[in-house]
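Notes follow once the structure below has been shown.
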Amino acid sequence: MSSSNSPDNIAFIEIPYPGDHCPLCVYMVEVVEEAVKKFSERVRWEKVVLKRRNGAMRFAELSVKNGGVAPIPSLFINEKLAFEMIPPVEELEDYLKEILK
């Protein structure tokens, strides 16, 4: 896991999300919701809903940029695959702090 500076010191998190039937994805969203509370407007996030055409296309684009099909669950930050599993809230907060330095 490595970090890179983002434009304008903003972090944008994307969560591939096949649907509520994926409990691990639901947990990933909960971790992100909790972690971003400390960062106010400096961190934005969204679900990449795979059941929608634009979500499936975005997931494919992110996967290609990162060398192959990304696992589910996973977490992209500023288009980089940051986590391939659900991180503890504190680990995600630390990662975001590094990006936002």
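The values are calculated or read from the model by the stated rules, or taken from the named source; none is laboratory data. Quantities reported herein were computed from a predicted structural model and do not represent experimental measurements. Cβ atoms come from the backbone with ideal geometry, glycine included; neighbour counts cover every protein chain shown.
A few notes on this one:
- Residue match in the stretch 75-85 (condition: more than 19 Å from C22 (Cβ to Cβ), in a loop (DSSP other than H, G, I, E, B) and either at pLDDT 95 or above or not small (G, A, S) (or both)): yes
- Being exposed (fewer than 12 other Cβ atoms within 10 Å of the Cβ) and either in a helix (DSSP H, G or I) or not β-branched (V, I, T) (or both) holds for only one residue in V64, V32, V26, and it is V64.
- Test for N9: is it at positive phi, of a type outside the set (D, E, K, R) and either in contact (Cβ under 8 Å) with a residue 12 or more places away in the chain or out of contact with any Cys (no Cβ under 8 Å at 6 or more places or on another chain) (or both): yes
- Pick from the stretch 1-23, criterion assigned to a loop (DSSP other than H, G, I, E, B) and at pLDDT 85 or above, ranking: farthest from the chain's Cα centre (by Cα): H21
- Of the residues making up the stretch 60-70, those that are under 12 Å from the mean Cα position of the chain (by Cα) and either of a type outside the set (A, V, I, L, M, F, W, C) or closer than 15 Å to W45 by Cβ (or both) number 1.
- Contacts under 7 angstrom Cβ, first residue in the stretch 14-30 being closer than 15 Å to A56 by Cβ, partner small (G, A, S), 6 or more apart: P16/A70; P16/S74
- The C-beta contact set for the stretch 82-96 (first residue closer than 20 Å to S63 by Cα, second residue at pLDDT 95 or above and assigned to a helix (DSSP H, G or I), distance under 7 angstrom, 6+ apart or interchain) comprises A82/Y95; I86/L24; I86/Y27; I86/M28; I86/V31; P87/V31.
- Residues of the stretch 35-61 that are of a type in the set (F, W, Y) and either more than 21 Å from K101 (Cβ to Cβ) or in a loop (DSSP other than H, G, I, E, B) (or both): F59 alone.
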